[in-house]
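These notes are about the structure you will find just below.
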Amino acid sequence: MSLSAPPLCVAAAQCPAAPGDVRHNLQTHLRFVHAAARLGVQVLLFPELSLTGYEPDLLAAHVMDASHPALQALQQAARDHAMVLVVGGPAAPQRAGAHPAIGAWVVGIDGDVALYRKRHLHTSEETFASPGEDDALVLPLAGEAIGLAVCADLTHAAHARAARAAGAALYAAGALISNTGYPAESALLQGYAREHGMAVLLANYSGPSGGYVSAGRSAFWAPGGECVAAAPGDAPCLVWAERSRQGAWTGGVQDVTLSPS
């Protein structure tokens, strides 16, 4: 790592979601944004379908575009806090007439909105969703080349390879991973950090969604595979990591208090 590496602070928002209640979930997102701003976070990653909850049968009822009120509110928050936000929400498919896509919406500090569609679906999702057609999307976010992934994408080693080949220095995965799946999937993510020499950030849910109970344990692995920070469980929190000008990563976990529903 160059001695002049630009400083960077990224975080995973380990947040809960109310099924299909975008308005409520938006308020949760904004609370996490405000908490992240106090830590100086520049890029904040949310779990898969964070704005609707992981509810595949509700995808069609909540398809979003860049003009959606929730995304507009997040655009304002991104501008106010000079923070790039990556949030989960349904999106139109790439092919007309197909099922909706599971989207990762990227809200920039300049008001621009970009979209990555989940490339690899679980079999159980195919009744409700269509896969994206791009093997990788790598964007310059806060000066860092970040490759986006959504849940099942991370179980396909070719997806991480494609992101690295496209220049990703950080692989950011929003997910819903259960206790059963967590050991294998976190090992894959740590392996990508080790094999490809890129940082890896995982944002997992707090609490249940869509009939699954999240393991929580959102985490950040530095290039080479060292786990710099990880949530101990599934409570609402921010898992943050910061790179110094010398290229060293440090991090931690910050609890986030949410108002009662």
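What to note about this one:
- Computed over the Cα atoms of the chain, pair by distinct pair, the Kirkwood hydrodynamic radius stands at 17.7 angstrom.
- HN-Hα J in Hz across segment 164-169 - Karplus 6.51, -1.76, 1.60, θ = phi - 60°, x for Gly and Pro: 5, 5, 7, x, 4, 9
- Label-to-label distance for Thr250 and Gln27 is 3.6 nm, based on points extended 7 Å past Cα in the beta-carbon direction.
- Cβ-based net charge around Gly210, under 13 Å, with every Lys or Arg adding one and every Asp or Glu removing one: -4
- Subtracting the Cα-Cα distance of Ala18 and Ala82 from their residue separation scaled by 0.36 nm leaves 20.3 nm.
- Of all DSSP beta bridges in segment 8-255, antiparallel share, percent nearest 5: 70 percent
- Gln94-Asp57 FRET efficiency (beta carbon distance; Förster radius 25 Å; 0.05 resolution): 0.75
Throughout, read-outs are computed from the coordinates displayed, never taken from laboratory work. Everything quoted here is computed from the prediction, not taken from an experiment. Every residue, glycine among them, receives a Cβ derived from its backbone with ideal geometry; neighbour counts consider all protein chains shown.
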